[in-house]
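As structure tokens, the structure follows; a few thoughts come after it.
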Amino acid sequence: MRNISLSLAALLLVLALCVGCIDRTDWASKGPTDENYSAQLMVLGAEVYRDSCAACHGSDGSGSFGPGLVGKGHKYSYEEQRRLVERGRRSMPGFGAGLTEDEISAVLAHIRVGFFATSNN
């Protein structure tokens, strides 16, 4: 009986810790990052996003199979997001071999500020 109680207590502790790790921040409410990108880069970024990202992350970045991306520029630095796009993570494939440096820069611009520009139109 004592082993069952200890096992149950350990399980409850692990579950409590996991619940505390869930990120409930409304990143989209934080708006775009304060970075500035050229209109040309933003247009390219929207095209690359549509062709390479929208199927999993949704056409508006709100999420689908993959997580929502709107506002995530506040959660991750530019360098962290660039690494994620290039190398991938968990079920997301890396795009470093399939996209040019300019295309990666452009899609990051779209993710970090472009969703907000298009949602305000």
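The values are calculated or read from the model by the stated rules, or taken from the named source; none is laboratory data. Everything numeric in this text was worked out from a predicted model, so none of it was measured. In this analysis, Cβ positions are derived from the backbone assuming ideal geometry, glycine residues included, and neighbour counts consider all displayed protein chains.
Descriptive notes on the structure:
- Unique residue being hydroxyl-bearing (Ser, Thr, Tyr), under 13 Å from Glu35 (Cβ atoms) and surrounded by fewer than 16 Cβ atoms within 10 Å (Cβ to Cβ) when the list is Ser105, Ser77, Ser62, Ser91: Ser77
- Once the stretch 32-46 is narrowed to residues that are assigned to a loop (DSSP other than H, G, I, E, B) and surrounded by fewer than 15 Cβ atoms within 10 Å (Cβ to Cβ), the residue that is modelled with the lowest pLDDT is Asp34.
- Residue within the stretch 7-27 that is within 16 Å of His110 (Cα to Cα), assigned to a helix (DSSP H, G or I) and at pLDDT 95 or above present: no
- Residue within the stretch 99-109 that is of a type outside the set (A, V, I, L, M), within 16 Å of the chain's Cα centre (by Cα) and within 19 Å of Val43 (Cα to Cα) present: yes
- When residues in the stretch 54-91 are screened for being assigned to a loop (DSSP other than H, G, I, E, B) and among the β-branched types (Val, Ile, Thr), 1 of them pass.
- Test for Tyr49: is it part of a helix (DSSP H, G or I) and either surrounded by 10 or more Cβ atoms within 10 Å (Cβ to Cβ) or modelled with pLDDT of 95 or more (or both): yes
- Matching residues in the stretch 67-114 - criterion: being out of contact with any Phe, Trp or Tyr (no Cβ under 9 Å at 6 or more places or on another chain) and in contact (Cβ under 8 Å) with a residue 40 or more places away in the chain: Tyr78, Phe95, Gly98, Leu99, Asp102
- Total residues in the stretch 62-79, condition under 15 Å from Ala106 (Cα atoms) and modelled with pLDDT of 90 or more: 2
- Flag if Phe116 is of a type in the set (A, V, I, L, M, F, W, C) and modelled with pLDDT under 90: yes
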